[in-house]
Each structure stands twice: as structure tokens, then as C-alpha cells.
1. Do we have N258 as touching a Gly at 6+ places or on another chain (Cβ under 6 Å), farther than 18 Å from D147 by Cβ and not assigned by TED's automatic domain parsing to the domain that holds Q394 here?
2. Please work out which residue is nearest to D324 (Cα to Cα), limiting yourself to region 218-251 and to residues that are hydroxyl-bearing (S, T, Y) and touching a strand residue (DSSP E or B) at 6+ places or on another chain (Cβ under 8 Å).
3. Of all residues being out of contact with any Gly (no Cβ under 7 Å at 6 or more places or on another chain) and without any contact (Cβ under 8 Å) to a residue 60 or more places away in the chain in region 144-154, which is nearest to D105 (Cα to Cα)? Just the residue, please.
4. Considering only region 238-281, state which residues are polar (S, T, N, Q) and either surrounded by fewer than 21 Cβ atoms within 10 Å (Cβ to Cβ) or on the phi > 0 side of the Ramachandran plot (or both).
5. Report every pair of residues separated by at least 6 positions or lying on different chains whose Cβ atoms are under 6 Å apart, first residue within region 203-215 and at positive phi and assigned to a loop (DSSP other than H, G, I, E, B), second buried (at least 17 other Cβ atoms within 10 Å of the Cβ) and not aliphatic (A, V, I, L, M).
6. If you scan region 202-211, which residues turn out to be surrounded by fewer than 20 Cβ atoms within 10 Å (Cβ to Cβ) and either closer than 14 Å to Y313 by Cα or within 22 Å of the chain's Cα centre (by Cα) (or both)?
Amino acid sequence: MSLPSCTSMRAIFALILCAFCPVVLLGQVTEEPINHAVDPGFEDGTAFTDVGSGAPGWNNWTTFDVFVDDYMPHTGTYSATLPETFSQNYQEVGYGQWVTGLVPDATYVMTAFASIDYYDPNDSMQWGLYIGVQNFGRDKVQTIVFDYEFTPVILLFTMGADCTGADIWAWRGPGGEARSDDYGVWDYHNYLVNADFETNDFTGWDYWNYNSAITADEPHSGTSATVILDGEGGFAQLIPNLLPGATYGMKGFAKVANEGDMAWWGVKNYGSDQVDVEVTQTDYTEGNISFTMGAENTTAEVFFWKESGGQAYCDDFLVCKMIDAPGAADVSRHRTETLPDAFTLQQNYPNPFNSETTIRYELDAAGQVNLAVYDVTGQLVQTLVHDWQSAGSQQVRWDGRDAAAQPLSSGVYILRLQVTTLAGLAQRTRKMTLLQ
């Protein structure tokens, strides 16, 4: 006796659920991560005048005044400034916020933007700006900022078994003024699929010229990482359903095999200029970048790429929220997506195509989806999707290759979309023209 597949079990469960719960779903609600920090951008404008005082939620940790001013905010009107301190007396200055309402054993993302006025690496008493989180039941997590322009800070931390709060803070020893703004303590949510490649394949990713592979030899963490082999290559993932005007951060770890080689990872096609990290180190090196979505953009493309040289590795990518979109209501952290009212298969674009084409379709109900390509004789050449999918808009890209990853010859191919829902089987077809 064979056990039913996960897909068939989902269908059985759906039938049982519908039998007992005759509810019509009019929209699909997507949870947005919550920022647990109070007054994260200091927009209240309250200064830190005395020890223990400050903007709502914030506390001055030292006897020095911490300024909240409009001189150089990252966004909005205000930012917080740590004043200049002097090395002769080893003076320190800092502030923090006790963030409450966190969940034991849950993982959170702390974010901020920070900069310093100057830093002299030859002066042993000159300090950068430390940003961190502590008192959450485990070892503190921190980073140090030496940049003269606002740079993104992205830190992950997991709460202790009995803890429901954490201290976020900014601190420095002797040195010039230091600024920070736009703090966040977010529920953990990675907008990338298979960001650590632990599926041991390229699920969620599209890779170019088939010069990339999964390796167990050089992971940053876990058991798997990706490697671009000798020569040119790369891969990318398109992230859907981002919020126009919101700011997101990206963290990643990458390295090259040989000194003198170079690779890049970053984000593009989000409504503004490409943002990337140049990889030249032969040990895994962390990078943090940020990007703000265009006013009418809801997708962004994350990539890892090199054009020549030896192997290059990457692992443990994270794309997280850093700043809510302007005007986003704090009381509502949901986004409602209007579901399609019909089952449709759009014409692929471009068509005719040479190297790659995009296929979009809409599901008006959840079901088992099969999207496949056939030649004109009816022979199956490639299955693009075979999975249970929720109602909504979907898209997939096809590179004109068969199931064995071999390039197909020029000609007309038939695209067939089938979906099995509680209402039965539905089918749509389109013709595509491949020009090699």
C-alpha cells in the first residue's frame, strides 16, 4: 500500500475543511513584520538631556547630552547624535532602548543606520560607533561602524527561553560625533526563498549559463553553499510583493577562491540604481546594503555574479524590512492582495524569444498546478511547475532548455497550464516561438 503524496494530502485536507467550514475567502492577507522599537526615527524630537532621559522609549546612558536634531537625519526630520568625546580622559557616551513584548526563543532582526564624523586608525584611542543588542538571554550581538555616510546595520538575535525584552543601543568611546537613525527590531522574515541553499538545490533561484552549483565543501553555515565555477556565471531571484516606498536591507556572506579575483552580490530592478557589494576576500566576508523601493515598484532582483577568474562562493543571504513605507499605518501590519477573479494564462513575454522568456498566470483558487512545455508533436520537453499553489498571481521564467538542460532548437512550442481545484480541472494553452 502506497502512502498519498503531500499534494494529495493537501487536497484531502482542503475537502474536509470545506465540508465543515463553508467560508468564502475574498482576499489573501500577507503578514508584514512588526517593528517593536518605539520612536525608531526620533521623530518625536525630544533630546536626551539627563542620565536616564530621552526620546520616548530611549534612555541616555551617560552624563553627556545626546542630541536629537535636524542637522543630518537619515530620513524624516531628526536623528540622534552622540557628541564628541576626548581620548585624554577616556570619555564614553551612549544611549539605548529596552524593547518589550518579544517572544522567548523567537528570532528577531535589529536594524539601524549609522555614521561617524571622523576616525583616525592611527590613534589607538579613537573609537568607531558600536551598535548592538544585549540582555535578551544570550550573548550580546554588536557591530562597529566607521563610515562617514549612513550605512545599514543588520543584526540577528534569538531570544532566551525565559526572556521577553532586549536592550538595543548605540555607544562609543573617544572620538568625533556619531549619528544613528531609523532603528528597528523586526519579527524575523526573510523575503528570499532558499536563502541559505539548504535545500541542496537552486529552488527559488534562476541561474545564468549553468556555471553555478551547490557545494557541501565550503558552506558559511549549515551544510550547503553555492559556488560559481571558473569563468563567468551567476544566479538571481526575483522577490515579489514588496511595498512601494519601503526600505529593505540585504545581508550576505561571500568569498572568492583566489586573490585578485572579484565577484559581486546585490539588488537591482527595484526602481532605482543597482546596489552591490564587491567581493575580493578569500575568507567569507559579511556585507550589508539597503535599498528603497520605487513609488510604483513591488519587485526587486537579488543576484550573485562574476565575469571571470576562479570560483566564488556565497551563503546565508537575508532580505529584511528596515523602514516602513511613508504613511504606513502603525496599527495595521497587514497587506491585502486582491485575488484574480478568473483563471488565466498570459502570453509569454518576450515572444518570440531567444535566451529567456517570462510566463505569468493567475489562479482564482488554490490547487495542484502543472505548467509544462510540449513540442508541436505533443512530446513533453520540460515541466516548469508541478506543485500545489495558493490563489494569486504567479510567474516563472523559461530558458528554452529541455528537462536535461539541453538547448532546444528554434521552433514553435506549446505551453500548457493545468490546475486541479475543488471545482475540478481547468486548462489553458499558449504558443511560444523560440529563436536560437
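The values are calculated or read from the model by the stated rules, or taken from the named source; none is laboratory data. Quick caveat: nothing in here was measured; it's all calculated off a predicted structure. We place every Cβ from the backbone using ideal geometry, glycine too, and count neighbours over all the protein chains shown.
1. For N258, the condition - touching a Gly at 6+ places or on another chain (Cβ under 6 Å), farther than 18 Å from D147 by Cβ and not assigned by TED's automatic domain parsing to the domain that holds Q394 - is met.
2. T247
3. Among those residues, the one meeting the criterion is D147.
4. If the condition is that a residue be polar (S, T, N, Q) and either surrounded by fewer than 21 Cβ atoms within 10 Å (Cβ to Cβ) or on the phi > 0 side of the Ramachandran plot (or both), then N241, N258, N269, S272, Q274, T280, Q281 are the ones that fit.
5. These pairs meet every condition: G204/N194; G204/Q237; N209/G233.
6. Listed by number, the residues that qualify are F202, T203, G204, D206, Y207, W208, N211.
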